[in-house]
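Step one of this worksheet: look at the structure below.
We did not get these values from a lab; they are worked out from the coordinates using the rules stated. Because the structure is a prediction, the values reported are computed rather than measured. Neighbour counts are summed over all protein chains in view; Cβ atoms, including those assigned to glycine, are modelled from backbone coordinates with ideal geometry.
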Amino acid sequence: MSAKLLPSNATALERAVADSTASPLDPSVLRTLWSADHCPAPLLPYLAWAMSVDGWAYALTDAPRRQLIRESLALHRKKGTPWAIQRALGILGFAEARLIEHPPGAHWAEFDVQLMLRNAEDQAAVGNALNVIALWKPERSHLRRLAAIQQVSGTLKVAAATCLGETSRVMPYQLRRLSAPPLLLYLAATTTLVEVLRIRPRGAPLSR
C-alpha cells in the first residue's frame, strides 16, 4: 500500500503507516504467486494460507515450507493416516520417522513413534514433532510413546597386555628326576566407555 492511495483527509500517522508497509511489486511476479517453487519467499505465508497448509509454524526454512505447500493437497487427502503423519514429519526434518501401529500391550487406538536424531538441532525439534503428530493424527488415536533415538559414532580404544612369570629355585645337586609344574597363562581384557551427559533448562542455548 502507498500513501498516494489514501484520501486527502488522511492523517499524518495513517500516511506514515502506509509508507512503512509499502512494497514495490513487479507485475511479472504475479504469474508465480501460485507456484510453490517460484513464489517469492516473503509471499509464501499467504500462499500457505490460501492452500490451507497445516504445520506451517514448524517449518523453519524455505525448503520445508515450499514442500509443505507442494504436498498440501496429498496430505489433506490422507490426513489422519500413518502415511500423512510420517510424511509430515519427513518434510519437517525427520525423514527416518517410523510409526508403529498396535504396539504390544497398547490399546487398539494407541500408537508409538520412533525418531532418528542426527544432531543437536534435531533434539531441540522433538517438541515440534509432538505438535506435528497431534496435528495430523486422527482424533480417536493417541500417541502412547515417542522414542528419540540418536546414533553416536566414535573411536573405541582397546588395549591388551600379557604377563608371564616363572619361579626358579636353586638347590644342591641331587640325583633325581626334574619336573616342572604346569604353566598357567592368564589373559585379561577390559573396555572403558565414558559418556558425558549435559542437562540444561528447556530453551537454554546449546554450546559446542
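Give me the Kirkwood hydrodynamic radius of segment 78-163 in Å, from all C-alpha pairs, to one decimal place? Before the final figure, lay out the partial values.
Details: mean 1/r = 0.0693 Å⁻¹.
That comes to 14.4 Å for segment 78-163.
Would you work out the relative contact order for segment 78-163, in percent, from Cα pairs under 8 angstrom that are 6 or more residues apart? Don't skip to the answer; put the middle values down first.
Numbers: 106 pairs, mean separation 28.4, N = 86.
Relative CO of segment 78-163 lands at 33 percent.
Label H76 and R140 with points 7 Å out from Cα along Cα→Cβ: what is the distance between them in nm?
2.4 nm
Find the relative contact order for segment 18-164 and round it to a whole percent, using C-alpha pairs within less than 8 Å whose residues are 6+ positions apart. Numbers along the way, then the final one.
On the way: 155 pairs, mean separation 26.9, N = 147.
Reported relative contact order: 18 percent.
What's the local net charge at Q67, with K and R +1, D and E -1, over the other residues with C-beta under 14 Å away?
Values: positive: R65, R66, R70, R87; negative: D37, D54, D62, E71.
Computed value for this residue: 0.
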